[in-house]
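Please read the structure below before turning to the comments.
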Amino acid sequence: MKLKEVCEKTGLSRKTIRLYEEKALFTPQKERRNGREYRDYTEEDVHTLQVIASLRKAWFTMEEIRRMQEDPAAIGEIFPQYKEWLLAQKSQLDGLIAAAEHIDPEAV
């Protein structure tokens, strides 16, 4: 399938899909015709892109995603670190919310 169809199925932009390919998070099949290289995307590529997009929305880095793809055993190491990072982010946000609650917008 062509890139346009993959964009429609995944909701990802061409630029994002090319970035994921450049970062070796997935590799579509390539075919040379008339001196040019054409990519052919499969349903498996679409699924992989959807998984990558979900992980990115959950704030995983591309390096973490690549590690999980290359070594599924690493997931057991990555997820506890991820949870710890999320808790730190939550703590910072809780602090910001508490500070904001003490600000009188009319007095500023």
Original post:
Is there a residue being touching a helix residue (DSSP H, G or I) at 6+ places or on another chain (Cβ under 8 Å), open to solvent by 80 Å² or more (accessible area, probe 1.4 Å) and more than 21 Å from Met1 (Cβ to Cβ) anywhere in segment 79-95?
Top reply: no
**OP:** Output the helices (runs of 4 or more DSSP H) that fall wholly within segment 29-108 and possess 2 or more residues being of a type in the set (Val, Ile, Thr), or say none.
**Re:** 43-57, 75-101
**OP:** Being among the β-branched types (Val, Ile, Thr), open to solvent by 60 Å² or more (accessible area, probe 1.4 Å) and more than 24 Å from Lys2 (Cα to Cα) is the filter here, so list the residues in segment 35-74 that pass it.
**Re:** Thr61
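The values are calculated or read from the model by the stated rules, or taken from the named source; none is laboratory data. Nothing here was measured: the structure is a model prediction, and the numbers come from that model. Ideal geometry is used to build each Cβ from the backbone, glycine not excepted, and the neighbour counts take in all protein chains shown. Ligands, DNA and RNA are stripped out before the accessible areas are found, and what is left, the full protein with its side chains, is counted by its heavy atoms. Shrake-Rupley method; radii C 1.70, N 1.55, O 1.52, S 1.80 Å.
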